[in-house]
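These notes concern the structure reproduced below.
FYI, it's all coordinate maths here, none of it is from the lab. Predicted model, so just to flag it, every value in this text is computed and none were measured. Cβ sites come from the backbone with ideal geometry, for glycine too, and all protein chains shown count toward neighbours.
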Amino acid sequence: MTNYKELGLVNTREMFKRAVAGGYAIPAFNFNTLEQMQAIIQAAVETKSPVIMQVSKGARNYANGTILRYMAQGAVEYAKELGCEHPEIVLHLDHGDTFELCKDCIDNGFSSVMIDGSSLPYEENIALTKKVVDYAHQYDVTVEAELGVLAGVEDEVAAEESHYTKPEEVIDFSTRSGCDSLAISIGTSHGAYKFKPEQCTRDPKTGKLVPPPLAFDVLHEIEKKLPGFPIVLHGSSSVPQDEVDTINHFGGNLPDAVGIPEEQLREASKSAVCKINIDSDSRLAMTAAIRKHFAEHPDHFDPRQYLKPARENMKKMYIHKIVDVLGSDGKLAQC
Ligand code: G3H
Ligand code: 13P
Ligand code: ZN
């Protein structure tokens, strides 16, 4: 058993309380590689932001759970080395789908886990979430649950259509499951193709797709039912068009990729939404930089030559999200 406190990590409880009260959101960035981890920590330290580093089941399969845990421990030490004496770094399991997976993460240094029972019948979702909560809370690990189903297809996270969270269920669900935060469905979805072209309108000037707005009415109803309770948004990449254009210009093929407009995420961050999940934008930033680098330097074959600009581009994106969208810069309890 390795408790996260031994690794210098923190759970989400205090940072969410401050974020809800302060009208900002904590970034939850997915990572699979060293370069993503370095870029996340550099961005968090430079902006003095708390940060959630999250790993999916797929990330654990790709990078190995033990290595990821040591990377998170390394991230804490790296943040200190970069000059941040009191970093607030959470190691979070994203979309845990079984009690056993959540337990394994809790036993191996994670400070927060998500149990995603959103595809289960309501009572089964409550029962599974409660089982994880009962175990996690013995070790002061916080638990995110999900109610409502997101649209889109992302690796092992798949749902054909979006079913908004029902506000009338949130009090019963959070009380009986005991979860610490709740991911809701208000129209976001996973991946770089969040909406079909027929769900969007087109900007007459640029010809680019304009997605339908998020269901803020549902969010506000949920906030009224659960005042001050931490709400999470998944599927919140904005799929920056300049990165998509770079990828397509340098040989990629991502037609009609579309994300959530940043103004809407900025608005959501001011509400009880206190955790915003971003993965696809990091993938796009990395891929755009690498494609450009290869096109401009066909003779390069040392991975450091193309991973360095990839890391720089991700770092720029992370800083932009923290400062211009989520507003978590300067929000460490102690610097
Ligand atoms: O919500 C899903 C995340 O983007 C993780 O994706 O399962 O491909 O690692 P992944
Ligand atoms: P994006 O695909 O929009 O980046 O969402 C990531 C996510 O929700 C991870 O859980
Ligand atoms: Zn997600």
Label-point separation (nm) for E81 and D172, each offset 7 Å from Cα along Cα-to-Cβ? 5.2
Final fewest-first order of H234, H293 on the 10 Å Cβ neighbour count is H293, H234
Using the Kirkwood radius over Cα pairs, work out the Stokes-Einstein diffusion coefficient for segment 87-135 at 10 °C and 1.306 mPa s, in µm²/s as a whole number. 143
What percentages make up the Cα-Cα pair-distance distribution of segment 16-68 when the bins are 5 Å wide from 0? 4, 19, 24, 20, 15, 11, 5, 1
Within segment 60-76, backbone nitrogen closer than 11 Å to the virtual label 7 Å beyond the Cα of D140 toward Cβ: none
As an exercise, identify the chymotrypsin sites (Phe, Trp or Tyr not before Pro) in segment 248-328 lying in DSSP coil whose Cβ has no more than 13 other Cβ atoms within 10 Å. F301
Which shape class, rounded, prolate or oblate, goes with segment 4-326 when its Cα gyration tensor gives a ≥ b ≥ c as root eigenvalues, a/c under 1.5 marks rounded, and past that a/b bigger than b/c marks prolate? oblate
Helix by helix, which DSSP H runs in the chain go 18 Å or more along their axis at the Cα atoms and have an average Kyte-Doolittle hydropathy of 0.0 or more? 34-47
Of the listed pairs K80/K292; K48/K80; K57/K331; K131/K225; K225/K275; K103/K131, those with alpha carbons more than 22 Å apart are K80/K292; K57/K331; K131/K225
What's log10 of I(q)/I(0) for segment 73-230 at q = 0.15, 0.16 Å⁻¹, Debye sum over Cα points only, no solvent? -0.90, -0.97
When only C-alpha pairs under 8 Å and at least 6 residues apart count, what is the relative contact order of the chain, in percent? 22
Evaluate E = 1/(1 + (r/R0)^6) for H300 and D203, where r is the Cβ-Cβ distance and R0 equals 25 Å; express this FRET efficiency to the nearest 0.05. 0.10
What Kirkwood hydrodynamic radius do you get for segment 238-335 when you take the inverse of the mean 1/r over all pairs of distinct Cα atoms, in Å? 14.8
